[in-house]
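Just below is one structure, and these are the notes that go with it.
The values are calculated or read from the model by the stated rules, or taken from the named source; none is laboratory data. Quick caveat, the model's predicted, so the values are computed rather than measured. Neighbour counts are summed over all protein chains in view; Cβ atoms, including those assigned to glycine, are modelled from backbone coordinates with ideal geometry.
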Amino acid sequence: MARTVKRAFKFREGELTLAKMSGPLDIAWSRPLPEGAEPSTVTVSRDGAGRWFVSLLCTDTIVRLDPCERAVGVDAGITSLATLSTGEKITNPRHERRDRERLARAHKELARKEKGSANREKANRRLARVHARIADRRRDFLHKLTTRLVHENQVVVIEDLNVAGMTRDHSLARAISDAGWRQLRTMLEYKADWYGRELIVIDRWFPSTRTCSQCGTITQTMPLDVREWECSGCDARHDRDVNAARNVLAAGLAVSACGAGVRPQRESSRTGRSAMKQETHRATRGIPRPWTGEKPTPHATAGGMRERTGRGTRPYM
């Protein structure tokens, strides 16, 4: 990767010329520069697939969207990448699975090449191109989906999924990684901030799937193979994912309005906490200091009386 400042490149009429080059670069632009923008830095890089990229740093003003009345809850899944509280299901394109045969063939070709040879380097680059194709298509799909959600809704509510923990289940790890749930949340976070929208993340232990969105009755167990179920409290029949998305939306709106989950609850969450995402504390908080057996000596500090031991200080009781 090489980064050049303004005096080392020339950008005129949409053409970029670097220092010591006789002509402009032949570039396929991903999008035009903002109106009147002047690049201040140019970064040239190459990825593992051997593709060259040029990134231009410039100043741009993002115009915030006009406020609207709509809100949506999003339930992430595998068969349906996202199920909305409106009842719409967005099919998971499964980019990795669609190119799995191509990946397997590229891996076999790489394994047959002698280590350190030029042919192995070529095979490695072909494998990287397959991975890059999958990642590019996934990123493009998620960009389009998140942009649509942010543009159409004032409030977007999602769950705080423990993706790292879910991928420990080897039967689902590949499908979860292919879905790109973490990337979906990251895009929603910064786009909501850009365009003046509100993104609410509810607690991961909130029982959105097992709670009836009509009466609030909570079913004790619900295996993954159950896609439709009937509430024992009001006899309403639910689609598993649509019902979860509606509960996610209701919990998120309660968080936005009151700061806590105020759905009709018989079990607020597995840990007894509200539906709102809980803030974490420092890793060292609550860890007792080692006691050396020395007699404490009180001394004054800016925070009050503290006692001194052989390993530092702690509050004087």
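Could you tell me whether any residue of region 181-203 is acidic (Asp, Glu), in the same structural domain as Trp229 (by TED's automatic domain parsing), over 17 Å from Gly77 (Cα atoms) and assigned to a helix (DSSP H, G or I)? Looking for residues that are acidic (Asp, Glu), in the same structural domain as Trp229 (by TED's automatic domain parsing), over 17 Å from Gly77 (Cα atoms) and assigned to a helix (DSSP H, G or I), one finds at least one in region 181-203, hence yes. Of all the listed residues (Asn162, Asn153, Asn119), the sole one being under 21 Å from Ala244 (Cα atoms) and surrounded by fewer than 16 Cβ atoms within 10 Å (Cβ to Cβ) is Asn162.
Considering region 105-116, and only residues there that are in contact with a helix residue (DSSP H, G or I) (Cβ under 7 Å, 6 or more places away or on another chain) and charged (D, E, K, R), the residue that is surrounded by the fewest Cβ atoms within 10 Å (Cβ to Cβ) turns out to be Glu114. Of all residue pairs spaced 6 or more apart or on separate chains, those with beta-carbon atoms under 8 Å, a first member in region 60-86 that is under 17 Å from Thr147 (Cα atoms) and a second member that is of a type in the set (Lys, Arg) and surrounded by 15 or more Cβ atoms within 10 Å (Cβ to Cβ) are Leu65/Arg197; Gly73/Arg246; Ala82/Lys89; Thr83/Lys89. Of the strands (runs of 3 or more DSSP E) lying entirely inside region 1-118, those containing at least 2 residues that are touching a Ser or Thr at 6+ places or on another chain (Cβ under 9 Å) span 2-5, 9-12, 41-46, 52-57, 71-76, 80-84, 89-91.
Of all residues in region 141-180, those satisfying the criterion of being part of a helix (DSSP H, G or I), over 13 Å from Asn92 (Cα atoms) and out of contact with any Leu (no Cβ under 8 Å at 6 or more places or on another chain) are His143, Lys144, Thr147, Arg148, Glu152, Val163, Ala164, Gly165, Ala173, Arg174.
Residue by residue, here is whether (1) farther than 30 Å from Ala236 by Cα; (2) out of contact with any strand residue (DSSP E or B) (no Cβ under 7 Å at 6 or more places or on another chain); (3) crowded, with 19+ Cβ neighbours inside 10 Å holds:
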{"site": "Leu142", "(1), (2), (3)": "yes, yes, yes"}
{"site": "Asp169", "(1), (2), (3)": "yes, yes, no"}
{"site": "Asp178", "(1), (2), (3)": "yes, yes, yes"}
{"site": "Asp193", "(1), (2), (3)": "yes, yes, no"}
{"site": "Glu198", "(1), (2), (3)": "yes, no, no"}
{"site": "Arg204", "(1), (2), (3)": "no, no, no"}
